[in-house]
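The values are calculated or read from the model by the stated rules, or taken from the named source; none is laboratory data. For clarity, every value in this text was computed on a predicted model and none was experimentally measured. So basically every Cβ, Gly included, is an ideal-geometry build from the backbone, and we count neighbours across all protein chains shown. To get the accessible areas, we keep the full protein, side chains included, count just its heavy atoms, and leave off ligands, DNA and RNA. Shrake-Rupley method; radii C 1.70, N 1.55, O 1.52, S 1.80 Å.
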Amino acid sequence: MSNTTEKALNLLRYLPRVCISNIRDNPGAHKQARRGRGQHGGDYHGAGNKGAKARQSYTRLGYEMGNNPFYLRFPFEPYYKGHHLKRQYPPVSLLNLQKLIDTNRIDTTKPIDLVAIMNTGLFRLYPDQQHFGFQLTDEGADIFSAKINLEIQWTSEPVIAAIERAGGFVTTAYYDAQSLHAMINTKKFFERGIPIPRRMMPPPDAIEYYSNPANRGYLSDPEKISKERLVLAQKYGYTLPKLDDQILEMLKERKDPRQIFYGLHPGWVVNLTDKVILKPLDEELKEYYAS
Amino acid sequence: MFRNILCSFSRLAIATRTPQSNVFKNTSDNLVKQITVRNFSLLNIQAPLAAPKLLENAPKPQPAATSTRTVTKFSIRKGKRKSVKAVLKRFYRLQWGIWIRTKAGRNKKLWKKNPPQKRRLRQHVFCNSTQSHMLDKMVGPYWRKPRYFIDDPYQPYHVRNEFERSRVTPKPYIPPEDRI
């Protein structure tokens, strides 16, 4: 035997035996995993295998295969007639108002109007969705006890009675959409640097409500309102409380029908950075904003 | 026979043409034409006066797509979902999620229905949960927004606080009665 052969045999003697664990796979015996495309490795994305769900070829919504469909079965009813033209007044209840006063979100030593309610940050108003202010509802009328000068956009008789029994005053006032935009976010409006607009008169179908003293309308005669206060007090069986001279001035404060903010007149520009108020001097402008 | 009649008509036309005024001639011509056309529609006696106009005779374009009442998932202009108007004409959505409807046949054959049946037909009833869910999908979000109209007849029905699923305000706390 040659030297080389001996060496090889010697080496083989110490190598492990050929067995299943140390032989190489046959060529092509092992398959590489395929890399599928898409989020879950090219599967059906939860739509299953075949059929209408996989192809998303559902029957159309409401279709009943030859039946008279449910959504076409019944006679017409004008449920939504004029929905886009009617004015909307999101509700604020007397209970809400009392809670706002009790938690010091509203200052009763000043007249309360839409700006004060909006400044609490708890209510939303969308003039572009035909919202024309808040309506005060009678929930919590029995426990209402704040003496306030309130200006609201719509109320009912029991609400007026509840406020006046507590020694307060209510006025119902109309604001057009442009004025409401100014009142909803006052800071944002003043930052725009445009003059305060004048309030528009109510539309023809609302004139009657806002000039009726029974509704405490802002266009009605103040003398008739004080008469109506007595009438309502008799109707609901309470006596109007005597008014203190200290807060009487605050309670009697009313806005001009053209005015939007207390203490500010239409046409004025409020500069928040310089903290100045700019007033129009031109006669023509003055006449425009006064009319 | 046709030829004979035609000849007689033409003769009549020729005979009348000579002595009459221009206006009368035209009317008599028209009369003859009308009678022949009425009696023998096969005979094309109207000679084309001018070359036929292409645009006038061409078939007018018809709208290719006909309207359907199903829901539009993506509109052409803005790609928005559109409401089914047929639903909004027949149903009304209460704010707690149910839809109400009228009753089928409430205007039909009322003479043969008895008063209790007519009373029931006048009522407005709830759709069930499945139907309301379908109707919700057939209209856009605009119709699911709350509305605050004055003197709304449906105002008391928009909130249903009696049931846990549709309650919107928290349940008032009523302390237990003292037991002595």
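Is one or more of the residues making up the stretch A:25-35 closer than 30 Å to B:VAL139 by Cβ, in a loop (DSSP other than H, G, I, E, B) and without any contact (Cβ under 8 Å) to a residue 24 or more places away in the chain? It would help to see each step written out before you state the result.
Filtering the stretch A:25-35 for residues closer than 30 Å to B:VAL139 by Cβ gives none.
The answer is no, given that none of the residues of the stretch A:25-35 is closer than 30 Å to B:VAL139 by Cβ, in a loop (DSSP other than H, G, I, E, B) and without any contact (Cβ under 8 Å) to a residue 24 or more places away in the chain.
Looking at B:TRP111, B:TRP143, which is the one that is at the interface with another protein chain (Cβ under 9 Å from one of its Cβ atoms) and of a type outside the set (Lys, Arg)? Give the steps one after another, and end with the answer.
On the way: B:TRP111 fails: at the interface with another protein chain (Cβ under 9 Å from one of its Cβ atoms).
Every option except B:TRP143 fails the conditions.
Anything in the stretch B:85-143 that is under 30 Å from B:SER75 (Cβ atoms) and aromatic (Phe, Trp, Tyr)? List them, or say none.
Matches in the stretch B:85-143: B:PHE91, B:TYR92, B:TRP96, B:TRP99, B:TYR142, B:TRP143.
Inside the stretch A:176-196, can you point out the residues that are open to solvent by less than 40 Å² (accessible area, probe 1.4 Å) and not hydrophobic (A, V, I, L, M, F, W, C)?
Once the filter is applied, which keeps residues that are open to solvent by less than 40 Å² (accessible area, probe 1.4 Å) and not hydrophobic (A, V, I, L, M, F, W, C), the stretch A:176-196 yields A:ASP176, A:SER179, A:THR186.
A:TYR262 passes all but one of (1) touching a Pro at 6+ places or on another chain (Cβ under 9 Å); (2) free of Cβ contacts under 8 Å to residues at least 60 places away in the same chain; which number fails?
Result: A:TYR262 fails condition (2) only.
Suppose we keep only residues that are more than 10 Å from every other protein chain (Cβ to nearest Cβ), part of a helix (DSSP H, G or I) and without any contact (Cβ under 8 Å) to a residue 12 or more places away in the chain within the stretch B:146-180. Which one would you say is nearest to A:LYS81 (Cα to Cα)?
Taking the candidates together, the pick is B:PRO156.
How many residues are under 19 Å from the mean Cα position of the chain (by Cα) and under 15 Å from B:PHE126 (Cβ atoms) if we restrict to the stretch B:76-103? Spell out the reasoning first.
Step one: of the stretch B:76-103, the residues under 19 Å from the mean Cα position of the chain (by Cα) are B:82-91.
Then drop every residue that is not under 15 Å from B:PHE126 (Cβ atoms), which leaves B:90-91.
Qualifying residue count for the region: 2.
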